[in-house]
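Each value in this text was obtained by applying a stated rule to the coordinates, not by laboratory testing. Values in this document were obtained by computation on a predicted structure and should not be read as measured data. Heads up, the Cβs are rebuilt from the backbone with ideal geometry, glycines too, and the neighbour counts pull from every protein chain shown.
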Amino acid sequence: EESPGRQPQNLVLQQAVFSDREKYFDAEQVHLLEGLRKMKEAASNVALGTQLFYEADADGSGKLDKGELQEVLAKIGFEIDDEQLHDIFTVFDVDGAGAIDKTEFLSLLKSQRHEATLRINDMVNYPVMTLDKKKYVPPRKGILRLTVIDGFVRKKAFYTLSSLDTKYAYRMAKGIGDVTMMTDATKNSKTRYNEAYNIYKTMYKEIGDKAAVLIKVVPGMMNPADARQLISKVTNDDRIELARIKMAFGVSYRPMLGSFNGYYMLDLSKELHRLCLSRLLEQSQTMNHKRKSTSIIGFGKVGDTSQHGNWTSFRNEILNGEFVEITPAKFTPIHHSGILEFDFSGGNRPTGGELVLSDKRLSKVLDNINLIKHNSHGKSSSNMAGSHDWMMKKLAEWGKKARVKSQDGRTSMPIYSASATRALEVGLMADEFYDNLLTRSEAHRKGLRGEEVKYDFMSDEPVEEMSIISSPDISSKHKRQSQDSVKMKTSAAAVAVLVSPSSNNSSHSNSFSTDGDGSGVSYSAGDEMGEEEEQSSLASSQDTQEVETSDAKLLLRQRKIAELKMRYFKLLHFKKGIPVEAKAARFCELIDETLCQLWILSRHLAVIVLLFKELFGNAQRTEFFGSYAVDVIVSLFSRVIDLHNFECVLETIDSRETAVLYGRLGMLNVFNPMKPETSLELSLDRRDERVVAKMIVYLSADEPGINLTYKRFQWKRELDPTPGWDVTESWMTDEGLATHGKFCFTYYSGEGRNKFGCIPNMELRRALLQLVLIDENEVVEEDESMPDEYINTGITHYEQNRDMWLTLLLGNGRSYS
């Protein structure tokens, strides 16, 4: 409105990106931009980098140490100091061996090229609002009425802080007299690692509390990998510092660092819990927005893998004991009270060119965290289940099965297929999972009691009495006990920190206090610091003095890996006092922390599950909601690059674990229509299972031969199956398909040799990938890369079979969104 009472003018503003900032740069910004462009050009020369890699690898080991790598990078055009070199090894030397191989080196070049490109775009481009394709500049007078709604989708273009911006923010905050206001001045922007580290150093110099500063800085970081690198750098990977920071962040720790999948129980009265929900909403909306944009018949019409048909990654949501759906519309603004619990299944998916762990590297990583068994002499025996050789044989066996093709070479054969008996067991236990959801939080709290350990620091032994803890997401306050023992009232996350102290006796105890959820934490050190803590702090101080050179930093990192390995070895092999549940819970977290930023294969996850079960069996926290092995699968699910081979993971778990996995991840996130040769029981009143049933019905009608070798239908669990039942033509439409009931089947495709006239229709199967999480472009061999140009077989198939898609798969043209 130009003035009150005047006819208002409606504005249709749209976001756009302008690129004219460079002409206003000062000398410092121009110099920085030139450096980034040189970096991008140098990193783009992959051929030269590969040639120099082989020239520098004088001993033919296939790896470069720090000196060799620095020499190669200098020849390409990278001039890096020892600190930058150490940061590179922290990220790319995943097993701490002090060397990187060719694959990791090429991944390093790609990441540097990608990072330089992004930083150039951040400097040159900036988002603006436009009116009629022109930059909108509000008039100097009048009334502007706006409604701002957070859609929680990460924008492709947003303002990213530069080093100069951080200087301006510091001057502003310093002028106010509160340096912590730096993050308030920059809260509408995103920071990358370098800028975040500069902000951290500035604020830490004034505050002196690492956890307090990181809680301010990390939420504004653009990339979870950068956040991890920042925390690693400022703590120097010191286990006690990391534990303090983890406790300070509480339940928001994992999402902040890019590990999203899992079960959450949030107290919405806590600020960090609301921040956690906000971050998960952002992840959910961003990933589902990408899926909507690839829909074959218009934005958001095909590809919804959600539980409720609402394009979200939240499942099994309960607020204050009642079922709800978590969507931006219903949780904007985010509630400030209530207990909200849910499963989240919506991590990032590969985009092409990702560095996947090799079998050899995986073996080293798993050995570092004690998942590989050794005999009494510390050696891994080839005859021992869980040993290194045993693991490598399993990986080779699954790898060989994954390469088996049909007779005509067009179809990949399934690695594992479930029987009808197993399918019925899984269906029964899936009902138990859903029927008991309202008791989940209480069962969860009750199960956590087995993860609590009372530890005697004087005798260096755990005592048999267990104490009770509350949810790890809503921790209790930690109260000081006697000088002789400490009752650890914390989640499994802290067990490894305090359960394996140094052998030196201590007459003091560590005292933690939180506000009840970890959202505010203080640590009482000073005169009350225990001897172990004093030694750790002294060691950290010495470490800081020692690590002036790159080699010293490498030795320090290797020493810490060895120390961590020994601590977990002690935790794993305590003879008494620590229950298997406590150990299993801690190793779940350790596996998640170790692998959550690495890309692995399905067979890697399968062997991790087998190794885990060799150590902890089927240990579980609750009866109906899965074992600790299921927790491992859920947390690493989004790191599996070849979900089209995920059936090998299902081979490693029992019927109840399979049922819980389907319930927590979602059937449409697991099912692979490229390999439908298995047995399943589907509940037709569950939206995602109903979509799978439609795909099976379509396949059975389209593909020739006797492909439904077992089929049964029962209206209710307590009723007998319908005698002589068969899939009829009425099931070929959404309206004709039963709205409820249990549909169990075994699908058969002729075993790759067209037996019984069965011939797979690979074009149809590829088209059906539109309805599940697996992307057609991800379906490649292990040694192949994703295609450069996006492939979408579904578009062609839809155009040729529009009626079947609209009447059956999409339900008379209706969208589930």
Quiz item: Given the convex hull over the Cα atoms of region 718-796, what projected area results after averaging over all orientations, in nm²?
Solution: 8.9
Quiz item: Taking region 224-331 on its own, what percent of its Cα-Cα pair distances exceed 24 Å?
Solution: 37
Quiz item: Among 297-310, 647-660, how do they line up from the highest to the lowest mean number of other beta-carbon atoms within 10 Å?
Solution: 647-660, 297-310
Self-check item: Spatial extent of region 316-370: Rg and Dmax, with the Cα atoms as the point set, Å
Solution: 19.4, 48
Quiz item: Alpha carbon centre of region 14-42 versus region 252-313: separation in Å?
Solution: 33
Quiz item: Restricting attention to the alpha-carbon atoms of region 264-325, what are Rg (one decimal) and Dmax (integer), both in Å?
Solution: 13.7, 42
Quiz item: Listed highest first by mean packing, meaning other Cβ atoms within 10 Å per residue, what order do 223-234, 781-792 come in?
Solution: 223-234, 781-792
Quiz item: Taking region 614-657 as the region of interest, what is the percent of Cα-Cα pairs per 10 angstrom bin, listed from the shortest bin to the one with the maximum distance?
Solution: 25, 55, 20, 0
Self-check item: Flagged links, alpha-carbon separation over 25 Å, of LYS401/LYS742; LYS246/LYS393; LYS405/LYS755; LYS23/LYS190; LYS167/LYS205
Solution: LYS401/LYS742; LYS246/LYS393
Quiz item: In sequence order, what are the phi-derived ³J(HN,Hα) couplings for region 322-339 according to the Karplus relation 6.51 cos²θ - 1.76 cosθ + 1.60 with θ = phi - 60°, rounded to whole Hz, with x for glycine and proline?
Solution: 10, 5, 9, 10, 8, 9, x, 5, 7, 10, 10, x, 5, 4, 9, 7, x, 9
Quiz item: Binned at 10 Å from 0, what are the whole-percent values of the Cα-Cα distance distribution for region 614-704, short to long?
Solution: 14, 46, 31, 8, 1
